[in-house]
Amino acid sequence: MPVELIETPQNEDLLRRLIDGSLPDQFGRYGMFGGRFVPETLVPALERLEQGMREHMDTEDFREELRGQLHNWVGRPTPLSPAPRLGDAWGAEVWLKREDLAHTGAHKINNSIGQALLAKRLGVKRIVAETGAGQHGVASAAACARLGLPCRVYMGEIDIERQAPNVDRMRRLGTEVFTVTTGDRTLRAAIDEAIRDWVSDPKDTYYLLGSAIGPHPYPLLVQRLQAVIGEEARAQMLAVTGELPDIAVACVGGGSNAIGLFHPLLGDRSIQLLGIEAGGRGNALGEHSATLSHGTPGVLHGNYSMLLQDANGQVQETHSVSAGLDYPGVGPEHALLKTIGRVQYGVIGDDEALDALNECCRLEGILPALESAHALAGARRWARENPGKRILIGMSGRGDKDMPTLRTLPI
Ligand SMILES: *Cc1c(COP(=O)(O)O)cnc(C)c1O
């Protein structure tokens with residue numbers, strides 16, 4: 001596994017521009033990836049959103065309001081927990097960035113409350129969102145309730161059956177859950193339907209997208225709202241240990257918690273960065289959702305990135321025991337970071353993730369989300385190859401939501 005950037009002047013330049021903010025460029029491109037592949041009717045809405053980000057996000061007023069909601073309602077800063085018993089077991093020094101302790105149980109709330117605040121300033125009348133496992137739906141429902149915005153969440157029929165408790169939570173929070181019976185009846189179809197709703201009324205409706213994917217400027221917007229994870233973790237590591245970690249590890253579905261942890265660390269070249277994708281049951285197409293490791297370039301949901309597709313360009317079904325990683329695409333910034341070699345990406349299957357989840361429960365008294373367990377397993381594997389190192393792990397969420405799945409699996 002290469003530790004260093006693949007050192008060409010071109011890659012150095014791309015990394016420098018990611019760090020100084022001149023990437024994505026004016027077309028929303030991250031090198032060859034990203035962009036805006038949408039119907040003509042959506043272009044003005046995306047331009048308004050871009051304009052709104054420029055107008056509001058850097059003002060002291062907006063930042064103050066966001067800071068207030070993050071502190072008083074989300075519960076930030078989230079702790080950085082030492083994990084000494086995991087450390088002993090792995091032969092490493094282990095630190096956990098505890099997004100599982102954020103309100104509604106995962107990092108997704110950072111993005112939802114931020115976008116809802118922005119939507120309010122853009123003067124929209126209603127919010128639409130999509131959800132797969134229901135985590136982004138719950139976070140958006142909570143944020144919309146908090147800010148008094150009506151919200152509709154699109155969710156596939158299959159996911160509605162699989163994730164009944166989250167459907168109830170959304171409804172209890174005042175959100176309308178709309179059943180999607182078209183397409184694959186899971187997350188991919190839900191995103192299609194949310195976009196369709198938005199196209200029909202792009203002025204008064206705001207589409208609250210849940211990961212670092214989609215057409216420009218969404219990947220940038222989500223990265224900026226999730227960067228609080230890496231900014232806090234970096235400062236906390238320095239405050240507590242006086243040092244930066246040797247490596248930071250996070251799981252990658254669409255890529256929002258990972259880019260939130262990684263982006264603020266990109267310039268710290270001593271820190272290795274490792275993203276972990278879901279290997280599911282095996283390497284065959286349809287058995288996993290390891291997009292960066294096994295995918296090929298293509299367009300999905302408005303951006304050009306890596307994609308799980310067959311030889312005819314048909315997007316493929318995916319599998320992972322963790323619903324939050326079960327998506328056939330990935331954010332364009334990750335595609336670029338892999339291409340230039342600044343971040344390495346590994347794959348962890350269902351069984352190894354479950355084993356890491358059980359270990360974390362027993363040794364640290366923390367039940368991680370199945371998604372986060374992939375990061376734990378990836379970190380453990382790395383620790384065995386690189387003894388005695390300081391490891392920072394993004395604990396993207398808590399596992400309470402996974403109890404219906406875990407009940408069927410061995411302890
Ligand atoms: C949704 C989710 C993920 C995957 O989404 P990303 O956008 O890749 O972060 C990971 N962990 C948890 C707990 C989630 O809910």
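The values are calculated or read from the model by the stated rules, or taken from the named source; none is laboratory data. Owing to the predicted nature of the structure, the values given are computational and were not obtained by experimental measurement. Cβ sites come from the backbone with ideal geometry, for glycine too, and all protein chains shown count toward neighbours.
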**Request:** Determine the pairs where a residue that is farther than 19 Å from A335 by Cβ, located within region 220-245, has a partner that is within 14 Å of the ligand (Cβ to nearest atom) and not in a helix (DSSP H, G or I) with Cβ atoms under 6 Å apart, the partner being 6 or more residues away or on another chain.
**Result:** A233/K97
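Within region 221-310, considering only strands (runs of 3 or more DSSP E) that don't extend past its boundaries, which have at least 3 residues that are buried (at least 22 other Cβ atoms within 10 Å of the Cβ) and not β-branched (V, I, T)?
Numbers: elements: 247-251, 272-280, 296-300, 303-307.
In region 221-310, the matching strands (runs of 3 or more DSSP E) lie at 247-251, 272-280, 303-307.
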**Message:** Pull out all pairs, ordered by first then second residue, where Cβ-Cβ is under 6 Å, the residues are six or more apart or on different chains, the first lies in region 115-141 and is more than 16 Å from D197 (Cα to Cα), and the second is assigned to a loop (DSSP other than H, G, I, E, B) and at pLDDT 95 or above.
**Reply:** H136/G210; A141/L173; A141/T175
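Can you find, within region 161-183, the residue that is surrounded by the fewest Cβ atoms within 10 Å (Cβ to Cβ) among those that are β-branched (V, I, T) and under 29 Å from L70 (Cα atoms)? Give the steps one after another, and end with the answer.
Taking region 161-183 first, the residues β-branched (V, I, T) are 167, 175, 177, 179-182.
Imposing the further condition that a residue be under 29 Å from L70 (Cα atoms) reduces the set to 167, 175, 177.
Values: V167: 22, T175: 25, V177: 20.
It comes out as V177.
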**Message:** Being within 12 Å of the ligand (Cβ to nearest atom), outside any helix (DSSP H, G or I), in contact with a strand residue (DSSP E or B) (Cβ under 9 Å, 6 or more places away or on another chain) and of a type outside the set (K, R) narrows it down to one residue among G394, G388; which is it?
**Reply:** G394
**Message:** Can you pull out every residue in region 293-334 that is more than 14 Å from the chain's Cα centre (by Cα), among the aliphatic types (A, V, I, L, M) and within 14 Å of the ligand (Cβ to nearest atom)?
**Reply:** M306, V321
**Request:** Count, please, the residues in region 246-277 that happen to be free of Cβ contacts under 8 Å to residues at least 40 places away in the same chain and out of contact with any helix residue (DSSP H, G or I) (no Cβ under 8 Å at 6 or more places or on another chain).
**Result:** 1
**Where A133 falls short, out of the listed (1) aliphatic (A, V, I, L, M); (2) away from the ligand (no atom under 16 Å from the Cβ); (3) buried (at least 24 other Cβ atoms within 10 Å of the Cβ); (4) at pLDDT below 95** = (2)
